[in-house]
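First up is the structure itself, then whatever we jot down about it.
The values are calculated or read from the model by the stated rules, or taken from the named source; none is laboratory data. Being a predicted model, the structure only gives us computed values, none of them experimental. Note: ideal-geometry Cβ built from the backbone for every residue, glycine included; neighbour counts use all protein chains shown. Keep in mind that these areas ignore ligands, DNA and RNA; they rest on the heavy atoms of the full protein, side chains included. Shrake-Rupley method; radii C 1.70, N 1.55, O 1.52, S 1.80 Å.
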Amino acid sequence: WLLLQKIVKMIKMRSDTALLLVDVQHDFLPGGALAVPQGDEILPIIAGLQPMFDCIIATQDWHPAHHGSFAANHPGTQPGQQIQLEGLSQILWPIHCVQGTPGADFPTTLDRSRWNAIFQKGKNPLVDSYSGFFDNARRGDTGLGDYLKQQGIRRVFVAGLALDYCVKFTAMDAVSLGFETLLLTDATRAVNLQPEDGQRALEEMKAAGIHCLESKDLPHYV
């Protein structure tokens, strides 16, 4: 880690590159409503990487309290069960990242003054939204793709939570929109509802043309 800090001070990413931080919010960190195991381990990595990038975008889960993905809004169900929600298969989750609550906010250890924009998702109570680009029905568009193109971004490095859901779907949408997409594997963690979910997500992303690397390899991509 100390070596990475020294490297960061010496290099800057090219101007057509963005760091995309997916849902690094309190409710996904240890102690949160939908905590990702070891999710807090990515915070110092992300904090150390931020100075390398001139363009940093964050996504934010921003649910209404009556969101259809919450098990509590379907009497008799439990988190982890699957239902049909507006014609889509939906995993039910604990109540999390409700608009305006502390759980939906970002940790203060990350320097938000460096962020160019925050794109909120999951606001429609009738459909979940794992990706930072589109909802799960791919009908609602957050505007992130257009924003990146307007900024001249052609390449995105993706980090955040959680690997097997919002990170995977965001990265898959990024590559489908024509962005060169790279996943920082040490700056993400998986929920792993099933023990191999994280590994399967990595394999899916690699098969889609997403390059997976650790942050220590970033000097090769300046």
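Computed quantities for the displayed model
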read-out	value
Percentage relative contact order, the chain, counting C-alpha pairs under 8 Å, at least six apart	23 percent
Convex hull projection area averaged over all views, the stretch 51-205, Cα basis, nm²	9.6 nm²
Interchain or long-range residues, amide H under 5 Å from A162's placed H	V167
Accessible surface, per residue, of the stretch 116-222 when the full set of protein chains is kept, probe 1.4 Å, Å²	43 Å²
Cα gyration tensor shape for the stretch 176-222, rounded if a/c is under 1.5, else prolate or oblate	oblate
Share antiparallel - DSSP beta bridges, the chain, percent rounded to 5	15 percent
Rounded percent of accessible protein surface that carbon and sulfur make up, the chain, 1.4 Å probe	52 percent
Amide H within-cut-off set for W93, under 5 Å, with H built and near neighbours excluded	F70, A71, G80
Over 27 Å (Cα to Cα) - which of K168/K216; K12/K149; K12/K123; K12/K121 fall in this group	K12/K123; K12/K121
Residue-wise HN-Hα coupling along the stretch 157-166, computed from phi with Karplus coefficients 6.51, -1.76, 1.60 (Hz; x: Gly, Pro)	9, 10, 9, x, 9, 10, 3, 8, 10, 5
Principal-axis tilt of helix 197-207 within the chain, Cα atoms, nearest 10 degrees	60 degrees
For the stretch 168-173, 3J(HN,Hα) per residue [Karplus equation, 6.51 cos²θ - 1.76 cosθ + 1.60, θ = phi - 60°, Hz, x = Gly/Pro]	4, 5, 5, 5, 5, 5
Near-label residues of the stretch 185-222 by backbone N, under 13 Å of a point 7 Å along Cα→Cβ of Q38	185-192, 198-199
Rg/Rh ratio calculated on Cα atoms of the stretch 1-115 (Kirkwood radius)	1.08
Rounded Å value of the spacing that divides the Cα centres of the stretch 33-98 and the stretch 116-149	13 Å
Linear extension gain, K206 paired with R138, 0.36 nm per residue minus alpha-carbon span	22.3 nm
Long-range HN-HN contacts of D186 with modeled amide H, under 5 Å	S215
Highest-first arrangement of 85-96, 103-114, where packing means the average Cβ count within 10 Å	85-96, 103-114
Accessible area (Å², per residue) of the stretch 46-92, counting only protein heavy atoms and a probe of 1.4 Å	41 Å²
Tensor-based shape of the stretch 138-221 (alpha-carbon gyration tensor, a/c under 1.5 rounded, otherwise prolate or oblate)	oblate
Extension gain, L126 back to K149 (0.36 nm per residue minus Cα-Cα distance, nm)	5.4 nm
